[in-house]
Amino acid sequence: MTDRYAVIGNPIEQSKSPLIHTAFAQFTGQDILYTKLLSPLGDFAQTVDAFRAAGGRGMNVTAPFKLDAFAYATDLAPSAQMAGAVNAMKFEGDKVYAENFDGVGLVRDVVHNLGCSLKGRRILILGAGGATRGALLPLLEQAPASLVIVNRTVAKAQALSALAQQHGSLPVQAMGYSDLQDLAFDVVINATSASFASELPPLTRVAFAPGCLAYEMAYGKGLTPFLKLAQQAGVTHLADGVGMLAEQAAEAFAWWRGVRPDTAKVIEQLTIPFI
Ligand code: ATR
């Protein structure tokens with residue numbers, strides 16, 4: 001019997017998840033149907049209830065429902081607890097198991113696909129919203145030399161650094177952009193929402209150490225102002241979040257189906273070259 005899955009959001013038309021999971025199902029021979037589900041704002045629980053009642057087995061969750069899913073879940077994995085948000089659910093009887101694979105997807109993309117080990121590296125992450133929160137523990141698990149969270153609103157970076165501190169021994173520092181001064185980093189990750197407004201966080205070229213990887217979490221936006229700045233700083237290793245998208249999807253697929261699909265073809269298909 002075909003098992004049903006969906007990605008829920010509002011809006012949802014833009015989602016690449018059906019394309020990705022349908023490709024994964026073909027690669028692995030799994031019999032699933034994966035669709036887009038538009039939920040009215042304020043009706044998340046009713047929409048998910050109806051999907052479950054119709055036999056739905058699991059869901060990905062995208063904006064603006066990641067916090068609703070957090071509240072809806074009966075069993076939150078540590079990744080979801082740390083992220084404070086849910087991006088994947090699995091339904092078993094009355095149980096709603098919930099995960100957040102965004103952070104692990106980021107790390108898999110950086111380490112496996114881009115071949116950039118994070119061990120002993122100096123990492124700078126821009127922004128202190130949900131995207132950064134979800135990435136912190138997976139990044140720390142790679143044992144970097146240091147991790148700095150920089151944000152316009154320093155208090156938010158400090159709150160996230162305190163949260164991360166509870167889970168690891170590595171010092172996580174919180175800063176404002178002007179505090180960065182002449183500090184340089186081996187990996188700089190843009191986890192702000194600035195690129196969606198074609199804005200540049202107030203970062204300078206100095207932040208990019210020679211040989212640095214500049215990683216834009218947004219995807220399909222070409223050379224964003226952040227990636228342009230990195231390029232002007234002489235960075236040759238530029239990446240956007242298309243690999244992170246595919247890797248978090250592969251984690252969810254493996255969690256649901258017990259088989260991990262290869263992501264290379266999907267990444268190739270979704271990649272829009274920087275020009
Ligand atoms: P998400 O859940 O996608 O992380 P969010 O919680 O709204 O989204 O967080 C957005 C982040 O992008 C915030 O850290 C925000 O900085 P502030 O906390 O100071 O508002 C950051 N951000 C958005 N636009 C930015 C810009 N133009 N420059 C720098 N940071 C920006």
Asp43 neighbourhood, Cβ < 14 Å, K/R = +1, D/E = -1, net charge -2
Report the antiparallel proportion of the DSSP beta bridges in the stretch 103-240 as a percent, rounded to a multiple of 5.
0
Rounded, prolate or oblate (a/c below 1.5 giving rounded, otherwise prolate when a/b exceeds b/c) for the stretch 1-114 by Cα gyration tensor
rounded
By average C-beta atoms within 10 angstrom, highest first, the peptides 49-59, 211-221:
211-221, 49-59
Restricting to bridges with both residues inside the chain, how much of the DSSP beta-bridge set is antiparallel, in percent to the nearest 5?
20
In degrees, nearest ten, helix 130-140 long axis to first principal axis of the chain (Cα):
70
Would you work out what percent of the accessible area of the stretch 42-185, with all protein chains in place, is carbon or sulfur (probe 1.4 Å)?
50
Point-charge dipole on Cβ atoms (K/R +1, D/E -1) for the stretch 103-240, about Cα centre, debye to 20:
60
With a/c under 1.5 counting as rounded, go ahead and sort the stretch 103-240 into rounded, prolate or oblate using the C-alpha gyration tensor (a ≥ b ≥ c being the square roots of the eigenvalues; past the cut-off, prolate if a/b is larger than b/c, else oblate).
rounded
Does anything in the stretch 48-87 have its amide N under 19 Å from the 7 Å Cα→Cβ label point of Thr2, and if so which residues?
51-60
Using Cα-Cα distances under 8 Å and only pairs 6 or more residues apart, what relative contact order does the stretch 1-110 have, in percent?
25
Partner lysines whose C-alpha sits under 27 Å from that of Lys119, ignoring same-chain residues fewer than 8 away, are Lys156, Lys228
Residue-averaged [θ]222 nm for the chain, counting only DSSP H segments that reach four residues, each worth -39500 (n - 2.57):
-10000 deg cm²/dmol
Just the number, please: percent antiparallel of the DSSP beta bridges in the stretch 20-149, rounded to the nearest 5.
55
Nearest 10, in degrees from 0 to 90: the angle of helix 154-165 to the longest Cα principal axis of the chain is 70
Run the simple label-point estimate for Leu170 and Thr236 please: 7 Å along Cα→C-beta, distance reported in nm.
2.7
Set of lysines with alpha-carbon distance to Lys95 below 18 Å, sequence-local pairs under 8 removed:
Lys66
In the chain, if the dipole is taken from +1 on Lys/Arg beta carbons and -1 on Asp/Glu beta carbons about the Cα centre, which of Ala252, Gly9, Leu139 is farthest to the positive end?
Leu139
Normalised contact order of the chain, rounded percent, pairs of Cα under 8 Å and 6 or more residues apart:
16
If the chain between Ala63 and Glu199 were fully stretched, how many nm would it gain, using 0.36 nm times the residue separation less the Cα-Cα distance?
46.9 nm
Hey, rough spin-label estimate for Lys119 and Gln14, points 7 angstrom out along Cα→Cβ, what's it come to in nanometres?
3.8
FRET efficiency, 1/(1 + (r/R0)^6) with R0 22 Å, evaluated for Asp75 and Ala143 via beta carbons:
0.15
Going by amide H atoms built from the backbone, whose H comes under 5 Å of the H on Met217, apart from near neighbours?
Asn190
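The values are calculated or read from the model by the stated rules, or taken from the named source; none is laboratory data. All values reported here derive from a predicted model rather than from experimental measurement. Neighbour counts run over all protein chains shown; Cβ positions are idealised from the backbone, glycine included. Accessible surface is based on the protein model in full, side chains and every heavy atom, while ligands, DNA and RNA are left aside. Shrake-Rupley method; radii C 1.70, N 1.55, O 1.52, S 1.80 Å.
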